[in-house]
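Asks: Pasting in a structure now, in structure tokens, and then I'll have a few things to ask.
The values are calculated or read from the model by the stated rules, or taken from the named source; none is laboratory data. All figures in this text were calculated on a predicted structure; none of them were measured in a lab. No Cβ is skipped: glycine too gets one built from the backbone with ideal geometry, and neighbour counts run over all protein chains shown. We work out accessible area using only protein heavy atoms, side chains counted, and drop any ligands, DNA or RNA first. Shrake-Rupley method; radii C 1.70, N 1.55, O 1.52, S 1.80 Å.
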Amino acid sequence: MKFYQMSVAERRSLLQQEYNVSSEEIFALSGVSGLSEEAADRMIENNIGLYSLPMGIARNFIINGKSVAIPMVIEESSVVAAASNGARIAQTGGGFTAEADTPYMIGQLQILGLTDLEQAEEKIRSEKNTLLSLAGESCPNLLKRGGGPVDIEVRKIQESQAGPMLILHLIMDVRDVMGANLIDTALEAIASEAEKITGGTVRLRILSNLADKRLARASCSVPINALSFKDYSGNEVLKRILEAAAFAEADPYRAVTHNKGIMNGIDAVLLATGNDWRAVEAGAHSWAARDGQIRPLSHWKKDPASGNLIGNIELPMAVGIVGGATKVHPGAAAAIKLIGAQSAQEFAGIVAAVGLAQNLAALKALSTEGIQRGHMSLHAKQMAAAAGAQGALADKIAAQMVRENRISASYAAELAAREKETSHA
Ligand code: MEV
């Protein structure tokens with residue numbers, strides 16, 4: 001039986017057999033032993049309770065030669081199925097290769113009140129080591145783990161609404177955490193020394209979400225045969241995917257939607273693992289617009305040698321596998337354990353691969369039969385469930401609505417009532 005055909009309980013137990021997760025972790029993934037009210041109350045202010053979303057598992061992911069279960073938390077139907085579908089297609093070419101840069105986070109100090117930016121820049125450069133060791137004192141545990149401040153860069157803004165300003169970038173290797181707290185603490189620790197050195201006034205001390213020293217990349221090479229689908233030959237699908245990709249390269253209106261689809265997959269994994277998805281969203285879209293026009297985060301081409309469809313993705317990925325919500329949220333901690341990444345760097349590559357799989361599935365569907373068919377069959381299931389049908393009966397009603405191309409709440413209710421009558425007859 002296929003994973004999607006199993007009951008929820010069967011899926012959970014298969015997952016436990018297939019991957020290195022305990023029954024407690026499976027329980028946490030199920031939501032039953034997820035975030036406690038006490039923990040939630042410590043997490044945010046004015047807490048009044050919890051909010052649930054579905055947790056699904058995207059299947060078929062082979063990343064750097066390893067099978068990876070991808071936990072996804074999302075409210076939108078079709079996303080988990082599409083990710084699994086994209087991963088299944090990529091699997092025929094060996095899956096995804098993925099990697100990420102050393103987790104260098106950027107923090108910014110805004111220095112105001114300077115008359116000579118060049119001179120201030122020079123002074124910062126000559127006192128770079130003083131500033132770096134001061135920053136290091138703020139994070140002894142990070143230093144023990146092999147991370148810490150690594151560099152200082154200076155950027156000059158000659159003209160702004162607030163006059164000239166010097167921007168000091170502190171670069172820190174944050175190892176396995178997202179790093180916001182580490183970098184903000186270090187910036188605050190060096191602020192008064194930076195004032196002393198430059199004679200200026202430090203105002204903002206905050207990380208940059210344009211984490212472009214922390215890029216994650218994934219790629220796949222899909223044999224043409226793996227692309228054939230219904231009446232479409234592999235060659236035809238490849239051509240159509242390239243046309244769709246060209247549309248996104250050339251048109252910002254399309255590029256935004258193309259990237260939104262990629263973020264469907266990425267955000268879902270980030271939510272499941274308790275990561276700051278807003279930070280990654282902000283970084284992704286600004287990275288996509290770095291040449292002044294929003295461009296697709298992924299690129300597709302035909303490999304002239306093999307004829308395969310080659311996909312690549314690259315985007316900033318400020319993510320962690322320890323700290324933050326993972327400390328207090330058992331579901332997020334279990335999701336990270338299930339993925340099995342040994343470092344934030346490895347995890348970043350995996351997340352990028354999910355984005356690429358999501359995009360492959362979307363482009364294939366959009367350029368052939370359209371996405372409504374898949375969407376509508378899931379939608380039909382939701383309608384059947386809302387009409388009170390459960391399990392196999394819900395599937396039967398949904399299938400009939402799809403077959404007749406008549407998907408509505410009222411028809412679902414009518415079919416459910418008919419079924420009830422028949423079973424009582
Ligand atoms: C829907 O949530 C995502 C898509 O619009 C992405 C895309 O158009 O590439 C299907």
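Asks: How big is the gap, in Å, between the Cα center of the stretch 120-144 and the Cα center of the stretch 343-400?
Replies: 49
Asks: Would you report the distance distribution of C-alpha pairs in the stretch 374-424 as whole percents per 10 angstrom bin, up to the bin with the largest distance?
Replies: 33, 57, 9, 0
Asks: On a 0 to 90 degree scale, rounded to 10, what angle separates helix 391-403 from the longest Cα axis of the chain?
Replies: Rounded to the nearest ten degrees, it is 80.
Asks: Greater than 31 Å separation of Cα atoms is the criterion. Which listed pairs, LYS213/LYS337; LYS2/LYS213; LYS128/LYS327; LYS2/LYS337, meet it?
Replies: On the way: LYS213/LYS337 26 Å; LYS2/LYS213 41 Å; LYS128/LYS327 34 Å; LYS2/LYS337 24 Å.
Check vs 31 Å cut-off fails for LYS2/LYS213; LYS128/LYS327.
Asks: How are the C-alpha pair distances of the stretch 245-398 spread across 5 Å bins, as whole percents from the shortest bin up?
Replies: Result returned by the calculation: 2, 9, 15, 16, 14, 14, 14, 10, 5, 1, 0.
Asks: I would also like to ask the following. What's the ranking of 287-300, 312-325, 112-125 by average number of surrounding C-beta atoms within 10 Å, highest first?
Replies: Values: 287-300: 18.0, 312-325: 23.5, 112-125: 15.9.
Highest to lowest by the protection proxy: 312-325, 287-300, 112-125.
Asks: Mind checking Rg over Rh on the chain, alpha carbons, Kirkwood formula for Rh? Kindly include the intermediate steps, with their values, before the conclusion.
Replies: Numbers: Rg = 24.8 Å, Rh = 23.8 Å.
Rg divided by Rh gives 1.04.
Asks: Report, please, the projected area of the stretch 37-189 averaged over directions, based on the convex hull of its C-alpha atoms, in nm². Write down the numbers at each step before the final one.
Replies: Values: hull surface 59.1 nm².
Mean orientational projected area (the stretch 37-189, Cα hull): 14.8 nm².
Asks: For the stretch 257-324, what size does the Cα cloud have along each of its three principal axes, sorted from largest down, in whole Å?
Replies: Sorted largest first, the three principal extents are 45, 28, 18 Å.
Asks: Using only the alpha-carbon atoms of the stretch 293-370 as identical scatterers, what base-10 log of I(q)/I(0) does the Debye formula give at q = 0.14, 0.15, 0.17, 0.21 Å⁻¹?
Replies: -0.64, -0.70, -0.82, -0.99
Asks: Hey, any idea what Rg/Rh is for the stretch 104-207, computing Rh the Kirkwood way over Cα pairs?
Replies: 0.98
Asks: While we're here: Share of the chain's accessible area from carbon and sulfur, percent, 1.4 Å?
Replies: Working: 10560 of 20600 Å².
In the chain, the share of accessible area belonging to carbon and sulfur is 51 percent.
Asks: Ratio to report: Rg/Rh of the stretch 178-283, with Cα atoms as the point set and Rh obtained by the Kirkwood method; give two decimals. Present the calculation step by step, with values, prior to reporting the outcome.
Replies: Working: Rg = 21.6 Å, Rh = 18.0 Å.
Using only Cα positions, Rg/Rh for the stretch 178-283 is 1.20.
Asks: Moving on. Using helices alone, I'd like the mean residue ellipticity at 222 nm for the chain: each DSSP H run of four-plus residues gives -39500 (n - 2.57), total over residue count, nearest 500.
Replies: On the way: 17 runs with 215 residues, N = 425.
Rounded to the nearest 500, it is -16000 deg cm²/dmol.
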